[in-house]
Amino acid sequence: MSIKITAIYARVSTKDKQSTDSQLHEVQQYCKARGWQDIEIFSDRVSGGKASRPQLDRLVKAMRTGKVERVVAFKLDRIGRSLTHLCLLVDEMTTLGVALVCTSQGIDTSGNNPAAKLQLDILKAVCEFEKNIIIDRVNAGLNAARARGVRLGRPSTLQKHRAEVMTLKSKGLGLREIGRQLNIPIASVCKIVKMQNN
């Protein structure tokens, strides 16, 4: 069986003048004290909100292949692009059995100790709360749009062909011929004509 790595993740913003060196130094010292030797460093220099983080993406891919035992970072906000993104990562890490350790915040979900379980449960509860808030916001937005008369979803195929069907019908073409010319089923032509007449 191949040895799993301890993945260190560090990130600094492009706005910061500092490098990831201070984060890496503390995290590496922590790993050394814990006796974690098979270490691989993943380091990005991008804004926290950036969707694309090459090294984080590479880390997630390594986790999915079963190569990673734990992810160690200086702080939680170094990892997730947002609370939602962090929640998705924590959820995936839990599913994959990858521990999360944040050295400056005392977070360590490795091991079967009660403190680790409590920390993981709190993180998951916050994630669930954030997910529900997003769902509520989306539903409120959809309801408000409906109340304003906005039609949601993809435009109906019938609506798309309505003008053409009625133009051809006004020229005296039969329903079957209209369907053939517009390459739509005769049933759709019938529905459009019926809608127009109602």
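The values are calculated or read from the model by the stated rules, or taken from the named source; none is laboratory data. This structure is a prediction, so every number in the text was calculated from the model and none was measured. Heads up, the Cβs are rebuilt from the backbone with ideal geometry, glycines too, and the neighbour counts pull from every protein chain shown.
Look at (1) surrounded by fewer than 17 Cβ atoms within 10 Å (Cβ to Cβ); (2) out of contact with any Ser or Thr (no Cβ under 7 Å at 6 or more places or on another chain) and you find that residue 108 fails only one, number (1). Within the stretch 74-97, being closer than 22 Å to residue 4 by Cβ and touching an Asp or Glu at 6+ places or on another chain (Cβ under 7 Å) holds for one residue alone: 74.
The condition (being of a type in the set (Val, Ile, Thr) and at pLDDT below 80) is satisfied by just one residue among 94, 84: 84. Could you check, for the stretch 71-79, whether at least one of its residues is more than 19 Å from residue 38 (Cα to Cα), out of contact with any strand residue (DSSP E or B) (no Cβ under 7 Å at 6 or more places or on another chain) and surrounded by fewer than 16 Cβ atoms within 10 Å (Cβ to Cβ)? Yes, some residue in the stretch 71-79 is more than 19 Å from residue 38 (Cα to Cα), out of contact with any strand residue (DSSP E or B) (no Cβ under 7 Å at 6 or more places or on another chain) and surrounded by fewer than 16 Cβ atoms within 10 Å (Cβ to Cβ). A single member of 125, 140 is under 26 Å from residue 97 (Cα atoms) and exposed (fewer than 12 other Cβ atoms within 10 Å of the Cβ), and it is 125.
For the stretch 148-185, a tally of residues being β-branched (Val, Ile, Thr), at pLDDT 85 or above and in a helix (DSSP H, G or I) returns 3. I'd like to check something: does the stretch 52-60 contain any residue that is within 22 Å of the chain's Cα centre (by Cα), part of a loop (DSSP other than H, G, I, E, B) and in the same structural domain as residue 117 (by TED's automatic domain parsing)? Yes, that holds for at least one residue.
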